[in-house]
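**Student:** Structure in structure tokens, see below.
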Amino acid sequence: MGEPKRHLITSALPYANGALHLGHLAGAYLPADIYVRYLRSLGKDVVFVCGSDEHGAAITMRAKKDGVTPQEIIDKYHELNKDTFRRLGISFDIYHRTSAPLHAETAQGFFKEMYEQGGEFEERITEQYFDEEYQQFLADRYIVGTCPRCGHEDAYGDQCESCGSTLSPTELIKPRSVLSGNTPVLKPTKHWYFKLDKHAGWLRTWIEEGILDGKPHHDAKAWKKHVTGQCLSWLDHGLLPRAITRDLDWGVPVPLEEAKGKVLYVWFDAPIGYISATKQWAQDHGKNWEDYWKSPDSQLVHFIGKDNIVFHCIVFPAMLKAHGDYLLPVNVPANQFLNFEGQKFSKSKGWGIEQHEYLEAFQDFPNKEDALRYALIRNMPEQRDSDFKWDEFVDFHDKELADNLGNFLNRVIVLTQKYYESRTPAGHFASGLHIATIRRLTGELAAAIEAFNFRDAIQKFLEISTYGNVYLQEVSPWAIWKDDPDSAIVKECLHTCLQIAGVLSIAIEPFLPFTSKKIRTLLNLPEVQAGDFASLLEKLETGQEIIPAGHIVGEPFVLFPKINDRKDTGRLALIEAQKAKLAEVLAAEQAEAPKEYAPLKPAIQYDDFAKLDIRTGTILEAEPVPKADRLLKLRVDLGFEKRTVVAGIAEHFKPEAIIGQRVLLLANLAPRPLKGIESNGMILMAADADGKLCFVTPEEGWPNGFGVR
RNA sequence: GGCGCGGUAGCUCAGCUGGUCAGAGCGUGCGAUUCAUAAUCGCAAGGUCGGGAGUUCAAGCCUCCCCCGCGCUACCA
């Protein structure tokens, strides 16, 4: 451990098939940017890399749906996301992309090295779905079918979006190819697997104790609890080999003769994007990328959202270690999720706001970037999920930025102008009482950033501003000046207040860079530069002035025009428009009954139907199945026999409530064991768009055991 | 069902290895002040720290059981 010479900071690579919303920003990009800006302001050697993740079937799917090429998709979103980040002041040193040739070369090199070392990969031949018309294997996302869990008819091969279950393509009932619509056939194909399981031992020690190769690597206690917890939970469950290749034509080709037509699975190539991005940056700036990835006196930190924890704390570190030579992250400060006005962000529902939409909607709002950054920092989901609310956005902006910070600066500049023609009066800040408090608060702010506690850090910042307000109020120079314009007390007071303003202008830079510039303008000082925070700490420590006596400050102007402003309702109108939009979404949700109807399945022949033997029956007994939340064990009377059926309806019906329920039963479904109970048939249920269930039942008085035709 | 993380004043949250730990900000009420963006400053009320049991001289802080939220996971209509 010890003081690192270099810092390599990464933010999760955005997937280039869509825009990012405020939750992404608050989760992985803003905290990283604060941390990086802080390190730079300490004069540290730091590289901040990110870029677009541009491979995988979801992108080719999206392209097909939109009727464009995958390249057009990734170009569009790469540019959009890159530009949006820039406008929000996210200060990447490079925003690279995984479609770059350098990346393919890097990823292939990484694979080859691991391959040639031996022992890390294994080959497996498995049966995968193949579209005969298109003559190609189908990625999971290219297969849709009926979800075996919930009956949703358009579940993907890897996941059902209706019930959220994780699936494998072969589980789908009636699978069909997205390409041709035909039923795919199973064909054997060879793939390479990364033997993740063999790395479980050292991973546990590394995560639990921070020890790597028998040496201290990082402070395990400094990792967030939910990060460590989720990793250990995974390790407890046991790791499995993971496929790292796919039959797909969109990605980095597997660099082996025998793997023609196969690409690296997107999860394998994406994190290598951090490496290729660093390489590109180094090339552009005459640096050596290996200093950042391989030198023991460098430190790697990944900023991500909680959906990426296992990947960045287990899978990628295992890859790096297996490859050898690479550094492992010293921390992965994953954030939880940000909700939006009480609900999850949902593009399809129109709930939430994307980054570029915000910039668009607020284009006439002064300080729009920092107003957003501030609201997200104050409410960052550091330890648990949090909730973005427009009302809070307004309060944070008006009460803290405008009233507390902005107004303090304004008071000080105005008084200085009024009393001393904008000339900083002489005083004893450097040797006085107040420097101690400012020093303490500034130190605590720095410590909080270093511990990734950005909410704490911004609070310390506000305390400095509050301290200034309290001090100014207590001295009340305006009262003294009335009688004694030459008062030493007044000079002392404004001298000190200006020192505090100087501190604020530097300390705010990592959080609100645009505001920092404006404060510097107010103070007539140059923009904050690399190393300024370090020299500020030094000055506070050794008792030096921040702003020298005699320095002429700038003209006062209102730093944060308030949203709740009697004279100008324009800013409030922007907020109201956003709230109205949400109200509309809610109203539409209420008004519109379920109107999403699943498309009809392909036509079948009468013979297909005739194969089904559906019978009338009555539920005699019902009891929950142990260790299964969704299952009920039923005893059904079919007249000619009674049989046991396991049905996944426990979340919808209480056992005692369905005894005596008349049902239709698919009676010739092959028996299947579920949680150790043999289920003989399937209860027919009707499901609406929300997945709500109701029994399909024969007319009152109809006898049991007769068929449906 | 299993696992992880949470559940502290009306709201948002701090509370490190158990003993000034019952706190901060916002909101509310009262007061002071006018340099300033109807800003600022001070004071006050407010909670049986999700529920129950236990360990201890002492428990938001430890143990057990239960309830709720979020997430991961599981042979699931």
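The values are calculated or read from the model by the stated rules, or taken from the named source; none is laboratory data. Quantities reported herein were computed from a predicted structural model and do not represent experimental measurements. Positions of Cβ are backbone-derived with ideal geometry, glycine not excepted, and every protein chain shown enters the neighbour counts. Areas reflect the complete protein model, heavy atoms only, side chains present, ligands, DNA and RNA absent. Shrake-Rupley method; radii C 1.70, N 1.55, O 1.52, S 1.80 Å.
**Student:** Just checking, does region A:446-464 include any residue being within 9 Å of RNA strand B (Cβ to nearest atom), among the aromatic types (Phe, Trp, Tyr) and touching a residue at least 40 places away in the same chain (Cβ under 8 Å)?
**Tutor:** No, region A:446-464 contains no residue that is within 9 Å of RNA strand B (Cβ to nearest atom), among the aromatic types (Phe, Trp, Tyr) and touching a residue at least 40 places away in the same chain (Cβ under 8 Å).
**Student:** Could you grab me the full set of residues in region A:40-60 that are open to solvent by less than 10 Å² (accessible area, probe 1.4 Å) and in contact with a His (Cβ under 9 Å, 6 or more places away or on another chain)?
**Tutor:** A:Val47, A:Phe48, A:Val49, A:Cys50, A:Gly51, A:Ser52, A:Glu54
**Student:** Next up: What number of residues within region A:530-549 are open to solvent by 30 Å² or more (accessible area, probe 1.4 Å), within 24 Å of A:Ala426 (Cβ to Cβ) and in a helix (DSSP H, G or I)?
**Tutor:** Of the residues in that region, 7 qualify.
**Student:** Hey, another quick one. Could you give every pair whose Cβ atoms fall below 6 Å, whose first residue belongs to region A:399-412 and is in contact (Cβ under 8 Å) with a residue 12 or more places away in the chain, and whose second residue is open to solvent by 50 Å² or more (accessible area, probe 1.4 Å) and within 6 Å of RNA strand B (Cβ to nearest atom), counting only separations of at least 6 or pairs across chains?
**Tutor:** Here the result reads A:Ala402/A:Lys562, each pair linking region A:399-412 to a residue that is open to solvent by 50 Å² or more (accessible area, probe 1.4 Å) and within 6 Å of RNA strand B (Cβ to nearest atom).
**Student:** How many residues are under 17 Å from A:Trp281 (Cβ atoms) and open to solvent by less than 10 Å² (accessible area, probe 1.4 Å) when one looks only at region A:8-28?
**Tutor:** 4
**Student:** Quick check on my filter: what residues within region A:195-233 are part of a helix (DSSP H, G or I), more than 16 Å from RNA strand B (Cβ to nearest atom) and of a type in the set (Gly, Ala, Ser)?
**Tutor:** A:Gly201
**Student:** Of the residues in region A:638-672, how many are among the basic types (Lys, Arg) and at pLDDT below 70?
**Tutor:** Residues flagged as among the basic types (Lys, Arg) and at pLDDT below 70 within region A:638-672 amount to 1.
**Student:** Tell me, please, whether a residue that is over 23 Å from the mean Cα position of the chain (by Cα) and more than 17 Å from A:Leu328 (Cα to Cα) can be found in region A:218-236.
**Tutor:** yes
**Student:** Does A:Gly67 meet the test of being surrounded by fewer than 15 Cβ atoms within 10 Å (Cβ to Cβ), at pLDDT below 95 and small (Gly, Ala, Ser)?
**Tutor:** Yes.
**Student:** Hey, among A:Phe396, A:Phe362, which residue is within 28 Å of A:Asp83 (Cα to Cα) and touching a residue at least 40 places away in the same chain (Cβ under 8 Å)?
**Tutor:** Result of the check over A:Phe396, A:Phe362: A:Phe362.
**Student:** Which residue out of A:Glu527, A:Glu492 is surrounded by 17 or more Cβ atoms within 10 Å (Cβ to Cβ) and charged (D, E, K, R)?
**Tutor:** Just one listed residue meets the conditions, A:Glu492.
**Student:** Something else about it: How many residues are part of a loop (DSSP other than H, G, I, E, B), surrounded by 15 or more Cβ atoms within 10 Å (Cβ to Cβ) and modelled with pLDDT of 70 or more when one looks only at region A:159-173?
**Tutor:** Final tally of qualifying residues: 1.
**Student:** Is region A:42-63 home to any residue that is among the polar types (S, T, N, Q), assigned by TED's automatic domain parsing to the domain that holds A:Gly305 and at pLDDT below 95?
**Tutor:** Yes, there is a match, as at least one residue in region A:42-63 is among the polar types (S, T, N, Q), assigned by TED's automatic domain parsing to the domain that holds A:Gly305 and at pLDDT below 95.
**Student:** Could you give every pair whose Cβ atoms fall below 9 Å, whose first residue belongs to region A:563-588 and is more than 15 Å from A:Asn367 (Cα to Cα), and whose second residue is loosely packed, with under 11 Cβ neighbours inside 10 Å and at pLDDT below 95, counting only separations of at least 6 or pairs across chains?
**Tutor:** From residues that are more than 15 Å from A:Asn367 (Cα to Cα), the pairs are A:Lys579/A:Asp391.
**Student:** Name the one entry in A:Pro184, A:Pro148 that is over 22 Å from A:Ala57 (Cα atoms), at pLDDT below 90 and not hydrophobic (A, V, I, L, M, F, W, C).
**Tutor:** A:Pro148
**Student:** Would you confirm whether or not region A:629-637 contains a residue that is at pLDDT 70 or above, away from RNA strand B (no atom under 13 Å from the Cβ) and out of contact with any helix residue (DSSP H, G or I) (no Cβ under 8 Å at 6 or more places or on another chain)?
**Tutor:** Scanning region A:629-637, I find at least one residue that is at pLDDT 70 or above, away from RNA strand B (no atom under 13 Å from the Cβ) and out of contact with any helix residue (DSSP H, G or I) (no Cβ under 8 Å at 6 or more places or on another chain), so the answer is yes.
**Student:** Same structure, new question: So for region A:452-464 (the condition being touching a strand residue (DSSP E or B) at 6+ places or on another chain (Cβ under 9 Å), farther than 22 Å from A:Glu545 by Cα and surrounded by 20 or more Cβ atoms within 10 Å (Cβ to Cβ)), does at least one residue qualify?
**Tutor:** yes
**Student:** Taking into account only those residues within region A:362-403 that are within 7 Å of RNA strand B (Cβ to nearest atom) and small (Gly, Ala, Ser), which is surrounded by the fewest Cβ atoms within 10 Å (Cβ to Cβ)?
**Tutor:** A:Ser386
**Student:** Mind checking whether some residue in region A:118-139 is crowded, with 18+ Cβ neighbours inside 10 Å, without any contact (Cβ under 8 Å) to a residue 24 or more places away in the chain and in contact with a strand residue (DSSP E or B) (Cβ under 9 Å, 6 or more places away or on another chain)?
**Tutor:** Scanning region A:118-139, I find no residue that is crowded, with 18+ Cβ neighbours inside 10 Å, without any contact (Cβ under 8 Å) to a residue 24 or more places away in the chain and in contact with a strand residue (DSSP E or B) (Cβ under 9 Å, 6 or more places away or on another chain), so the answer is no.
**Student:** On the given criteria, is A:Lys82 in contact (Cβ under 8 Å) with a residue 12 or more places away in the chain, in a helix (DSSP H, G or I) and outside the structural domain of A:Pro510 (by TED's automatic domain parsing)?
**Tutor:** Yes.
**Student:** While we're here: Which condition from (1) among the basic types (Lys, Arg); (2) over 31 Å from the mean Cα position of the chain (by Cα); (3) not in a helix (DSSP H, G or I) is the one that A:Lys418 breaks?
**Tutor:** (3)
**Student:** Something else about it: Within region A:468-489, is there a residue that is surrounded by 17 or more Cβ atoms within 10 Å (Cβ to Cβ), within 13 Å of RNA strand B (Cβ to nearest atom) and within 27 Å of A:Arg37 (Cβ to Cβ)?
**Tutor:** Yes - at least one qualifying residue is present in region A:468-489.
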